[in-house]
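Notes follow once the structure below has been shown.
Nothing in this text is a laboratory measurement; each read-out follows from the coordinates by a stated rule. Only a predicted model underlies this, so the values are computations on that prediction, with no experimental measurement involved. Counting neighbours? That spans all protein chains shown, and the Cβs are built from the backbone with ideal geometry, glycine included.
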Amino acid sequence: MSEDNRLSVVALISGGGSNLQALIDAQAAGLPIRIVAVISNRADAPGLDRARHHGIPAEILSHRDYPDRETYDADLQRLIDRHDPGLVVLAGFMRILTPEFVNHYRGRMFNIHPSLLPKFRGLHTHQRALDADETEHGASVHFVTAELDGGPIILQARVPVLPEDDAATLAARVLEQEHRIYPAAVGWFAEGRLKLGEDGRPWLDGEPMPEP
Ligand code: GRF
């Protein structure tokens, strides 16, 4: 049997897991990744069933069982590292992470955020884009750093904001793009084309990526 050279990936989720599904589908279509575990901080996250359905170990580590962020993140790190992943993907993982945790995965943890960062960090991005009368909105994949939604941006997708939009219609348009750009960015990393440079910027194919 030939050696499996695919990148091993651990995905962290809290909810529906449609971005996780996009990665599962991309793996099935030949992206050189192997999702080795899905971990949720919520036992009722529907994304756990997506993992189980595809035979991926689905694990729950509830933040409610921990007195503080530090002890939770320390156990989460232990759980993740048991799988020895080459990449950790945050796929709708709704937790603020400690700097220790983030530093441990420096250069090998991605997040997807539903806005054109640096605009609209944090929650309720779609409503905030509407309230700000934006004509354009979108999603960003970035390396995770200690600054919330502030890490170096790898890839963005833009969508128009239409006059008849509400937060739900806008979110759906953005989500469709998330499902495209997350596997694309993960694929670059898996192929060894993408790295976080010493300069703190993402490098693609040996060149620093232009600021978006
Ligand atoms: C996505 O909009 C993602 O950008 C944000 O949380 C949402 C998760 O959706 N971080 P899903 O669980 O992947 O369906």
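What the table below lists for this structure:
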| read-out | value |
| --- | --- |
| Nearest-0.05 FRET efficiency for residue 127 and residue 84, computed from C-beta distance (R0 41 Å) | 0.55 |
| The chain: C-alpha gyration tensor shape, a/c 1.5 cut-off, then a/b vs b/c | rounded |
| Neighbour-count order for 178, 147, fewest beta carbons within 10 angstrom listed first | 147, 178 |
| Stretch gain in nm, segment residue 25-residue 119, where the contour uses 0.36 nm per residue and the Cα spacing is subtracted | 30.9 nm |
| Karplus 3J(HN,Hα) series, Hz, for the stretch 176-184 with 6.51 cos²θ - 1.76 cosθ + 1.60 (x for Gly, Pro) | 4, 6, 4, 5, 8, 7, 5, x, 5 |
| Trypsin sites (Lys or Arg not before Pro) restricted to DSSP loop in the stretch 25-70 with at most 14 other C-beta within 10 Å | none |
| Rounded to 5, percent antiparallel among DSSP beta bridges of the chain | 50 |
| Whole-number percent relative contact order across the stretch 29-105, with pairs defined as alpha carbons under 8 Å at least 6 apart | 27 |
| About the Cα centre, charge dipole magnitude for the stretch 33-100 (Lys/Arg +1, Asp/Glu -1 at Cβ), debye | 300 |
| Sequence-distant residues sharing a close amide H with residue 155 (under 5 Å, placed H) | 141 |
| In nm, spacing of pseudo-spin labels at residue 44 and residue 94 (7 Å Cα→C-beta vector) | 1.1 |
| Linear extension gain, residue 168 paired with residue 52, 0.36 nm per residue minus alpha-carbon span | 39.0 nm |
| In the stretch 1-70, the GluC sites (Glu not before Pro) that fall in loop regions by DSSP, at most 15 other Cβ within 10 Å | 3 |
| Long-range amide H partners of residue 138 with built H, under 5 Å | 116, 159 |
| Dipole of the chain, positive end: most advanced residue of 72, 202, 117 [Cβ charges, Cα centre] | 72 |
| The stretch 58-140: relative contact order in percent, alpha carbon pairs under 8 Å with at least 6 residues between | 24 |
| Relative contact order of the chain, pairs being alpha-carbon contacts under 8 Å that are 6 or more residues apart, as % | 18 |
| Rounded to the nearest 20 debye, dipole of the chain from Cβ charges on Lys, Arg, Asp, Glu | 380 |
| Length gained when the stretch residue 158-residue 71 is fully extended (0.36 nm per residue, less Cα-Cα span) | 27.5 nm |
| Rounded, prolate or oblate (a/c below 1.5 giving rounded, otherwise prolate when a/b exceeds b/c) for the stretch 1-41 by Cα gyration tensor | oblate |
